[in-house]
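J.: Here you go, one structure.
The values are calculated or read from the model by the stated rules, or taken from the named source; none is laboratory data. Values in this document were obtained by computation on a predicted structure and should not be read as measured data. With ideal geometry, Cβ positions are generated from the backbone for all residues, glycine too; neighbour counts draw on all protein chains shown. All accessible areas refer to the heavy atoms of the entire protein, side chains included, with ligands and DNA or RNA removed. Shrake-Rupley method; radii C 1.70, N 1.55, O 1.52, S 1.80 Å.
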Amino acid sequence: MKNVLELNGVSKKYPGFELNNISFTIPKGIITGLIGENGAGKTTTIKAILNIIKTEGTIKVFDKDNKKYEKEIKKDLGVVLDDSFLSDYLTAKGVNSIMKEFYENWDEKKYFNYLKEFKLPLNKLIKDFSSGMKMKIKIAAAISHNPKALILDEPTSGLDPIVRNEILDIFRKYIEEDEERSILISSHITTDLEHLSDYIIFIHEGKIIFNLQTDDLLENYGVIKCDENDFKIIKKEDYIRYKKEKYHYEVLVKDKNYIKKTYNFNTVDKPSIDEIMLFYVKGEK
Amino acid sequence: MKGLIKKDLLNLSSYKTSLLITIIFCSIAIAGTENASIAPMIICAIIGMISLSTFNYDEVSKSEKYILSLPVNRKELVISKYIIAISSAIIGAIIGVLLTILIVNIMNSVRPNNLIDLDYDNLFITSLSGLFGIALIQAIQIPSIYKWGAEKGRIQMFILIFFMVLIIVGASFLITKLGLNLDIQKINNFLETFGAYILTLLIIIMYTISYKVSYKIFIKKDY
């Protein structure tokens with residue numbers, strides 16, 4: 001198995017929204033971040049992978065068709081969904097007794113260790129948990145059967161920075177335990193993914209805008225602020241997008257060192273992923 | 001499948017107190033009215049209806065989406081709901097029968113001069129009638145819930161039942177109006193001989209059709 005996930009021409013139409021011909025692959029041992037604003041199509045993509053919605057196109061998980069081998073595939077997947085879980089009217093103990101019926105390799109000891117580590121009460125109803133606690137029990141339930149891959153939909157949404165950091169640490173630990181494991185994580189909080197993911201897929205209005213290595217985005221991409229005369233000398237093939245501001249131009253470039261050398265710009269700023277996203281959406285070519 | 005049933009049973013465990021109150025109420029009713037047919041019908045209906053609240057739990061927690069991400073297919077999910085619904089109705093009827101026998105025996109031992117004659121045939125047929133009633137409601141309500149959701153499904157079900165009652169009332173009105181001479185005695189004899197078989201067959205047919213409709217709706221549903 002080379003790829004954990006392979007999407008080919010995946011489309012889904014809703015009134016007022018369309019997931020349009022999505023294709024990407026996630027190799028083994030890689031963390032991929034799926035970014036985009038609310039309603040961009042991240043959750044729809046995840047639901048398509050999990051066969052929760054009917055779509056056009058083909059999806060392979062662990063090299064197997066996600067519809068034909070649905071049950072087999074899901075035995076090796078751990079899933080966290082932002083707005084959905086077993087039931088709010090269960091206790092953490094109850095979750096254990098249910099989950100062990102779903103997964104043959106459910107590790108009860110591991111699950112209770114996670115509960116201890118996350119300081120989650122055993123006999124309190126989940127509906128009375130805080131948002132952070134709710135997310136932590138979802139994560140404990142998703143990783144206690146030692147899945148080969150995790151699919152996480154907005155696992156940090158609505159949480160404070162401390163809890164968000166704790167949760168990202170759990171994912172780092174999960175990957176460190178076995179380097180063949182993979183994660184697909186969707187989030188609209190791009191800073192969470194900057195230090196976690198190896199690749200970033202940017203999805204906007206149901207289309208993939210880019211699918212790039214995070215290091216490449218953060219190390220090589222640059223933003224130049226210049227006047228109109230300086231902007232005019234930059235060749236079209238040397239920049240990705242530009243934005244015309246009131247008194248200056250902002251230009252997103254792919255290789256900041258090359259631009260510095262070629263055009264003699266002294267300052268080329270390092271953009272955040274949010275800024276790169278904005279250039280792709282609002283900028284011009 | 002076992003996991004799905006376990007989840008629903010754990011959700012339903014909050015109804016323990018309601019069930020206990022129902023049993024106490026029925027015990028008092030049997031003792032007070034000396035009517036042996038109350039308990040199986042009431043308990044069967046209450047437990048049968050309570051079992052459908054698993055759909056409400058799922059709707060409140062939006063759990064269907066999550067459950068579909070687990071190693072389980074849609075067919076198993078629908079089957080598990082029917083297992084819960086049917087077995088709860090049957091368990092309700094059994095509890096009702098056992099409670100009736102217990103209360104009647106206690107009363108007979110306390111008051112040996114005023115014995116209640118427990119007609120087991122009658123007890124069986126009333127339990128089966130209760131089972132038929134709740135099976136009819138469940139058979140209509142489960143597909144309605146799959147189609148319209150737990151809240152809307154309940155309203156649609158009441159509308160359906162209203163129309164069914166309207167049809168039955170209309171039919172009996174027509175029979176009277178047209179002056180059709182039905183031999184009630186013959187009908188009663190027929191029902192006494194074949195009633196239990198007919199009811200059992202109807203219950204099986206209703207659940208089978210209901211399951212097929214529910215599955216057809218659920219397989220096409222996006223979450």
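J.: May I ask you to list pairs of residues, at least six apart or on different chains, whose Cβ atoms are under 7 Å apart, with the first in region B:1-30 being within 13 Å of A:L90 (Cα to Cα) and the second being open to solvent by 40 Å² or more (accessible area, probe 1.4 Å) and not in a helix (DSSP H, G or I)?
T.: B:N11/A:Y89; B:S14/A:Y89
J.: Hey, which of the helices (runs of 4 or more DSSP H) in region A:36-148, taking only ones fully inside, have at least 3 residues that are surrounded by fewer than 23 Cβ atoms within 10 Å (Cβ to Cβ) and within 8 Å of chain B (Cβ to nearest Cβ)? Explain how you work it out, then say what you get.
T.: Values: elements: A:42-49, A:70-75, A:92-102, A:108-117, A:131-143.
Qualifying helices (runs of 4 or more DSSP H): A:70-75, A:92-102.
J.: Still on this structure, please answer the following. Given the condition more than 14 Å from chain A (Cβ to nearest Cβ), surrounded by fewer than 22 Cβ atoms within 10 Å (Cβ to Cβ) and over 27 Å from A:M99 (Cα atoms), answer yes or no: does some residue in region B:44-62 qualify?
T.: Scanning region B:44-62 turns up at least one residue that is more than 14 Å from chain A (Cβ to nearest Cβ), surrounded by fewer than 22 Cβ atoms within 10 Å (Cβ to Cβ) and over 27 Å from A:M99 (Cα atoms).
J.: So, one more: Scan A:I167, A:I139, A:I143, A:I151 and give me the residue that is touching a Pro at 6+ places or on another chain (Cβ under 8 Å), touching a residue at least 40 places away in the same chain (Cβ under 8 Å) and closer than 24 Å to A:K28 by Cβ.
T.: Details: A:I167 fails: touching a residue at least 40 places away in the same chain (Cβ under 8 Å); A:I143 fails: touching a Pro at 6+ places or on another chain (Cβ under 8 Å); A:I151 fails: touching a Pro at 6+ places or on another chain (Cβ under 8 Å).
Only one candidate qualifies: A:I139.
J.: Go through region B:101-136 and report how many residues are open to solvent by 50 Å² or more (accessible area, probe 1.4 Å) and within 30 Å of B:K62 (Cβ to Cβ). Quick ask: steps written out before the conclusion?
T.: The initial filter retains those residues of region B:101-136 that are open to solvent by 50 Å² or more (accessible area, probe 1.4 Å), namely B:102, B:105-106, B:109-115, B:117, B:119-122, B:124-125, B:132, B:136.
Imposing the further condition that a residue be within 30 Å of B:K62 (Cβ to Cβ) reduces the set to B:136.
The number of residues fulfilling the criteria is 1.
J.: Return a yes/no flag: does region A:195-209 have any residue that is buried (at least 16 other Cβ atoms within 10 Å of the Cβ) and either without any contact (Cβ under 8 Å) to a residue 40 or more places away in the chain or touching a Pro at 6+ places or on another chain (Cβ under 7 Å) (or both).
T.: So in region A:195-209, the residues buried (at least 16 other Cβ atoms within 10 Å of the Cβ) come out as A:196-204, A:206, A:208-209.
Subsequent filtering for residues that are either without any contact (Cβ under 8 Å) to a residue 40 or more places away in the chain or touching a Pro at 6+ places or on another chain (Cβ under 7 Å) (or both) retains none.
No: region A:195-209 contains no residue that is buried (at least 16 other Cβ atoms within 10 Å of the Cβ) and either without any contact (Cβ under 8 Å) to a residue 40 or more places away in the chain or touching a Pro at 6+ places or on another chain (Cβ under 7 Å) (or both).
J.: Please verify whether A:I175 is assigned by TED's automatic domain parsing to the domain that holds A:G39, within 30 Å of A:Y247 (Cβ to Cβ) and among the hydrophobic types (A, V, I, L, M, F, W, C), treating the condition exactly as stated.
T.: Details: assigned by TED's automatic domain parsing to the domain that holds A:G39: yes; within 30 Å of A:Y247 (Cβ to Cβ): no; among the hydrophobic types (A, V, I, L, M, F, W, C): yes.
When the stated conditions are applied, A:I175 does not pass them.
J.: Also: Among the helices (runs of 4 or more DSSP H) contained in region B:120-223, which hold 3 or more residues that are within 14 Å of chain A (Cβ to nearest Cβ)?
T.: Numbers: elements: B:120-148, B:150-178, B:184-220.
Ranges flagged: B:184-220.
J.: When region A:173-192 is examined, which residues are found to be surrounded by 23 or more Cβ atoms within 10 Å (Cβ to Cβ) and assigned to a helix (DSSP H, G or I)?
T.: Matches in region A:173-192: A:D192 only.
J.: State whether the residues of region B:22-38 include one that is buried (at least 18 other Cβ atoms within 10 Å of the Cβ) and within 14 Å of chain A (Cβ to nearest Cβ).
T.: no
J.: It is to be established whether one or more residues within region A:23-32 are farther than 24 Å from A:K2 by Cα, modelled with pLDDT of 90 or more and either facing chain B (nearest Cβ under 8 Å) or open to solvent by 10 Å² or more (accessible area, probe 1.4 Å) (or both). Spell out how you get there, then give the answer.
T.: If we filter region A:23-32 for residues that are farther than 24 Å from A:K2 by Cα, which is where we start, we get none.
Within region A:23-32, none of the residues are farther than 24 Å from A:K2 by Cα, modelled with pLDDT of 90 or more and either facing chain B (nearest Cβ under 8 Å) or open to solvent by 10 Å² or more (accessible area, probe 1.4 Å) (or both).
J.: Tell me, please, whether a residue that is within 14 Å of B:A85 (Cβ to Cβ) and open to solvent by less than 80 Å² (accessible area, probe 1.4 Å) can be found in region B:158-177. Show your work before the answer.
T.: Going through region B:158-177, the residues within 14 Å of B:A85 (Cβ to Cβ) turn out to be none.
Taking every residue of region B:158-177 in turn, none turns out to be within 14 Å of B:A85 (Cβ to Cβ) and open to solvent by less than 80 Å² (accessible area, probe 1.4 Å).
J.: Still on this model: Restricting attention to region A:210-247, which residues are surrounded by 16 or more Cβ atoms within 10 Å (Cβ to Cβ) and assigned to a loop (DSSP other than H, G, I, E, B)?
T.: A:Y221, A:I234
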